[in-house]
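Comments concern the structure below.
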């Protein structure tokens with residue numbers, strides 16, 4: 001009897017994995033809660049896992065060009081946090097509205113909201129692109145890059161910032177698919193983008209085969225090409241797909257009321273993400289004081305951490321979708337239970353990952369670079385940051401749950417207090433005033449994110465988010 005039960009359980013697990021990856025039209029507000037979380041989480045985690053692989057592979061190839069090239073990638077990525085903030089903020093609002101409309105069984109309204117988000121995102125990306133193309137060198141110097149490095153590698157920054165439109169659309173359209181329940185489509189899109197980048201990176205950086213040797217410029221072209229093709233694939237699916245969201249010509253119009261609601265929610269989403277991610281700009285600026293080697297070690301450590309934090313965000317995104325759809329369906333208790341289950345799973349996942357970072361920090365940094373000074377700095381930062389993983393795993397789920405309910409302003413206030421008013425001043429004090437350098441910066445991050453988690457949990461438990469109307 002026991003073997004039969006185990007066999008049936010195994011078959012059920014395999015069936016659900018296949019179902020989650022291939023996509024399903026099941027109603028996530030009606031099926032069992034555990035199955036709904038599983039079907040949403042698997043493709044979201046795999047989606048973010050591929051994004052984390054991209055982050056590590058990209059820095060792996062660039063690191064062979066030296067500490068200067070790695071430093072420029074780090075500075076550019078810090079600048080791109082502004083683009084990511086806008087993209088994620090718009091995606092947050094899109095997720096809240098689309099998930100709520102899907103829960104209310106109104107796919108047409110969801111499609112209209114999706115177009116408003118795409119229109120706003122595209123408009124913002126044009127402005128950023130113009131600034132990036134024409135002022136790349138000046139921006140790098142402002143960020144603290146050494147003059148010779150800014151001149152030598154400015155092409156990377158110009159291409160990445162100039163093509164930010166593909167990043168913006170990639171985020172927003174994937175949020176449309178994900179929040180409607182078609183997380184498998186979002187997964188396939190991101191896998192396509194990053195597999196193309198992984199293939200093109202060494203070809204264009206080192207000039208393999210028929211490709212020219214372009215160095216760090218090749219890395220930027222590879223990234224932009226992969227993401228650009230993925231956006232084209234998204235648009236084809238959006239207009240010609242057979243899933244929950246299928247955009248028609250009648251949806252391609254400005255609907256001011258929907259756009260107003262979207263922008264209103266986006267302001268909170270953009271604000272919280274901009275505050276959180278731009279705080280990394282301040283941290284990078286502090287690290288730049290200690291030279292290119294310190295900045296390179298910090299950049300590599302952050303890329304490694306992103307390798308596991310991005311899949312963790314996949315779980316948090318599943319909680320956001322579950323909250324939005326279940327509130328739309330009039331099931332707040334089910335939404336709350338889904339958040340706690342997802343939060344515990346995320347804590348367990350990050351807790352296991354933190355052990356690896358605590359035990360093998362030097363070996364992980366040495367995968368990317370062998371410079372002893374860079375390795376020592378990177379290992380110290382990696383070990384320190386991993387201390388706060390377990391609490392942060394719960395915190396990111398709580399914040400995304402509030403966002404999924406349409407309460408984007410509370411997380412904004414939390415981020416403002418924890419990151420701008422506390423984290424950056426503390427990092428400066430520990431790193432520069434006390435002379436702890438990179439260790440001080442990492443310690444400030446752990447303390448700030450732990451406080452953020454405790455505050456978010458307290459607010460979530462009050463339950464006011466259940467009454468939010470959008």
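Report the residue count in the range 163-181 for those that are over 17 Å from the mean Cα position of the chain (by Cα) and either crowded, with 23+ Cβ neighbours inside 10 Å or at positive phi (or both).
Here is the first cut: in the range 163-181, the residues over 17 Å from the mean Cα position of the chain (by Cα) are 163, 180-181.
Cutting the leftovers down to either crowded, with 23+ Cβ neighbours inside 10 Å or at positive phi (or both) gives us 180-181.
Residues meeting the conditions: 2.
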Given 265, 274, 238, 214, which one is surrounded by fewer than 24 Cβ atoms within 10 Å (Cβ to Cβ), out of contact with any strand residue (DSSP E or B) (no Cβ under 6 Å at 6 or more places or on another chain), at pLDDT 85 or above and in a helix (DSSP H, G or I)? 238
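Residues that are in a helix (DSSP H, G or I), over 18 Å from residue 292 (Cα atoms), touching a helix residue (DSSP H, G or I) at 6+ places or on another chain (Cβ under 6 Å) and touching a residue at least 60 places away in the same chain (Cβ under 8 Å): does the range 148-157 have at least one?
Within the range 148-157, the subset in a helix (DSSP H, G or I) is 148-157.
Pick out the ones that are also over 18 Å from residue 292 (Cα atoms) and you get 155.
Of the ones still in play, those that are also touching a helix residue (DSSP H, G or I) at 6+ places or on another chain (Cβ under 6 Å) are 155.
Still in the list and also touching a residue at least 60 places away in the same chain (Cβ under 8 Å): 155.
Yes - at least one qualifying residue is present in the range 148-157.
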Please tell me if residue 379 is farther than 30 Å from residue 100 by Cα and either more than 22 Å from the chain's Cα centre (by Cα) or buried (at least 20 other Cβ atoms within 10 Å of the Cβ) (or both). yes
Got at least one residue in the range 90-106 being surrounded by fewer than 22 Cβ atoms within 10 Å (Cβ to Cβ) and without any contact (Cβ under 8 Å) to a residue 60 or more places away in the chain? yes
Quick check, is residue 252 surrounded by fewer than 17 Cβ atoms within 10 Å (Cβ to Cβ) and closer than 21 Å to residue 96 by Cα? yes
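Can you tell me how many residues within the range 418-432 are without any contact (Cβ under 8 Å) to a residue 24 or more places away in the chain and touching a helix residue (DSSP H, G or I) at 6+ places or on another chain (Cβ under 9 Å)? Please lay out each step first, then the result.
Taking the range 418-432 and keeping what is without any contact (Cβ under 8 Å) to a residue 24 or more places away in the chain, we get 421, 425-426, 429-430.
With touching a helix residue (DSSP H, G or I) at 6+ places or on another chain (Cβ under 9 Å) added as a condition, the list becomes 425-426, 429-430.
Residues that pass the stated criteria total 4.
Quick grid of which residues meet (1) in contact (Cβ under 8 Å) with a residue 60 or more places away in the chain; (2) more than 23 Å from residue 97 (Cα to Cα); (3) buried (at least 24 other Cβ atoms within 10 Å of the Cβ):
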position	(1), (2), (3)
320	yes, no, yes
352	no, yes, no
388	yes, yes, no
391	yes, yes, no
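The values are calculated or read from the model by the stated rules, or taken from the named source; none is laboratory data. Every value quoted in this text rests on a predicted model; they were computed, and no experiment measured them. Note: ideal-geometry Cβ built from the backbone for every residue, glycine included; neighbour counts use all protein chains shown.
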